Amino acid sequence: MVKQTPPVAEPMRRPTICVTLTGCSVEEILADAARATAVGADLCEVRLDKLWVVEKAPEPVEKTDSNDEQGYRKPVYTPPEYISQPYDSVDLAAALAAFKDGIDLSVVLTCRPERQGGYFPGTEDERITVLRAAIDSGVSWVDLEADIVSKSRSELMQIAKGKTKVIASTHFSEEPISASEIINDIEDMADSGEIIKVCYSTNGRNSGLKLFEAAWILKESDQKTAIMGLGVGGDWTRIHAPLLNQDLVYSTMETGSHLSSQGRINASDLLIAWEMLNYD
């Protein structure tokens, strides 16, 4: 009797780790980029829209935190307030030059509008001008929302062609109805960029399972995706991204227990999770 050798499972492909840089000034963003480089990120996202806001730290909170079921004190997280600044308050050319010279990693330049959870205070025409300048700077990647007016988006895609790769993104303010809806959203965006990024509002296990199921169904497709949520359960597809064959995973250099309730994850914690789950 011939002894058959069991098939060897192919190793999982590690997704690209993109750290979204924090800070509202060039100096703060460059410092965060250095930390992202040191921890082993592959890519970093510069949120240009945050250059047009000033961060106001929250007022100190008295220690009147409620206790959980085990009697342990729950930490209170109060997000900072972002105060908009005039459009002409930013020297965009100088900022782009500083990012090009001061960041060792490949960069995604993003200028998120308020309609999709961003901070850019100007008009849509002004934002398109910012995105055009971002592409002209020679950046590796640019994030272009799928809902940009067709004519403007086509012009940006043409400028980017052959030199800057495009992440096509949509941020939904509501929870997905089903995995099928997520897949339909991605299919509708299929020709709008090299990677399709969709982010939904999530509020727990049911939301997380819908994201997970959609990613699982798409894992063998040729479509490159980044599927995630903002809220409880939104980090499931980030933590299990190698299993789900996700191409791009967004993380942060921020720390704190508030991250899991926002569906986000620290880059170091993400790498530790992958190692513990034998995803590396």
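The values are calculated or read from the model by the stated rules, or taken from the named source; none is laboratory data. In this text, all values refer to a predicted model and were calculated from it rather than measured experimentally. Cβ: placed from backbone, ideal geometry, glycine included. Neighbour counts: every protein chain shown.
Remarks
- If you check SER180, SER207 for being outside any loop (DSSP other than H, G, I, E, B), surrounded by fewer than 17 Cβ atoms within 10 Å (Cβ to Cβ) and out of contact with any Cys (no Cβ under 9 Å at 6 or more places or on another chain), only one passes: SER180.
- Restricting attention to segment 235-280, the residues that are of a type in the set (Phe, Trp, Tyr) and touching a Ser or Thr at 6+ places or on another chain (Cβ under 6 Å) total 1.
- For segment 267-278, the set of residues classified as of a type outside the set (Asp, Glu) and either out of contact with any strand residue (DSSP E or B) (no Cβ under 6 Å at 6 or more places or on another chain) or at pLDDT below 95 (or both) consists of SER268, LEU271, ILE272, ALA273, TRP274, MET276, LEU277, ASN278, listed by residue number.
- Odd one out for GLU275, checked against (1) on the phi > 0 side of the Ramachandran plot; (2) part of a helix (DSSP H, G or I): (1)
- Criterion applied to GLN246, GLN223 was being assigned to a loop (DSSP other than H, G, I, E, B) and surrounded by 22 or more Cβ atoms within 10 Å (Cβ to Cβ), and the one residue passing it is GLN246.
- Some residue of segment 149-169 being at pLDDT 95 or above, surrounded by fewer than 19 Cβ atoms within 10 Å (Cβ to Cβ), closer than 21 Å to LEU109 by Cβ and under 15 Å from the mean Cα position of the chain (by Cα): no
- Selection count where residues are surrounded by fewer than 17 Cβ atoms within 10 Å (Cβ to Cβ), in contact (Cβ under 8 Å) with a residue 24 or more places away in the chain and farther than 15 Å from TYR87 by Cα, scope segment 117-148: 5
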